[in-house]
Amino acid sequence: QVQLVESGGGLVQAGGSLRLSCAASGRTISSYAMAWFRQAPGKDREFVATISWSGDFTFHADSVKGRFTISRDNPKNTVSLQMNSLKPEDTAVYYCAAKRNTVGFHHWQYDYWGQGTQVTVSS
């Protein structure tokens, strides 16, 4: 119903930046809250950031606040995550996710997921 495809991951040195993008198809995401989650090996899927369907509200996890910024471009049906001042502990597979209407902060609240994109931050 909603297909999400992440891109933009890669290998970067600590202190560097990456911009992740998530392209949606199947349905417009204009009425969907969007989020980014990440998962490192052996760890639970972790909330990173979320944005309301209108973009009026954003929330970022404490671990990334001030470094990462979520944004959306509804006409292009995309959501992005600008990641600055990257740290080795940011290394993970990053997933975008979508849910109808209001935002959520837990992975089990989201209905649609991308395949993930690997972000590796070297020391």
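Here's how it looks for T91: its modeled amide H is under 5 Å from those of V121, which are all 5 or more places away or on a different chain. In order along the stretch 41-58, the phi-based Karplus estimate (6.51 cos²θ - 1.76 cosθ + 1.60, θ = phi - 60°) of 3J(HN,Hα) comes to x, x, 10, 5, 5, 10, 5, 10, 6, 9, 9, 5, 4, 8, x, 5, 10, 10 Hz; Gly and Pro are listed as x.
Among the lysines, select those whose C-alpha is under 16 Å from the C-alpha of K87, and discard any that sit fewer than 8 residues away in the same chain. Cα-Cα hits under 16 Å: K65. Between K43 and D56, residue separation times 0.36 nm minus the direct Cα-Cα distance comes to 1.6 nm. Phi angles across the stretch 100-115 convert, under the Karplus curve 6.51 cos²θ - 1.76 cosθ + 1.60 with θ = phi - 60°, into 3J(HN,Hα) values of 5, 6, 6, 5, x, 10, 10, 4, 6, 7, 9, 9, 10, 9, x, 7 Hz, Gly and Pro given as x. Atom-type composition of the exposed protein surface of the chain places 50 percent of the accessible area on carbon and sulfur (1.4 angstrom probe).
Specify the longest stretch of the chain that does not include any exposed loop site, a site being one of the trypsin sites (Lys or Arg not before Pro) with a non-H, G, I, E, B DSSP assignment and at most 11 other Cβ atoms within 10 Å. Don't skip to the answer; put the middle values down first.
Values: sites that count: K43, K65.
Answer from the scan: 66-123.
The H on the amide N of Y112, modeled in the peptide plane, is under 5 Å from the matching H of A98, each at least 5 residues off or on a different chain.
Taking the radius of gyration and the Kirkwood hydrodynamic radius from Cα positions alone, what is the Rg/Rh ratio for the chain, to two decimal places?
Details: Rg = 13.2 Å, Rh = 14.1 Å.
Using Cα coordinates only, the ratio equals 0.94.
The values are calculated or read from the model by the stated rules, or taken from the named source; none is laboratory data. Given the structure is predicted, the values throughout are model-derived calculations rather than measurements. Cβ coordinates were reconstructed from backbone atoms using ideal geometry, including for glycine residues, and neighbour counts include every protein chain displayed. Surface accessibility is based on the protein's heavy atoms, side chains included, excluding ligands, DNA and RNA. Shrake-Rupley method; radii C 1.70, N 1.55, O 1.52, S 1.80 Å.
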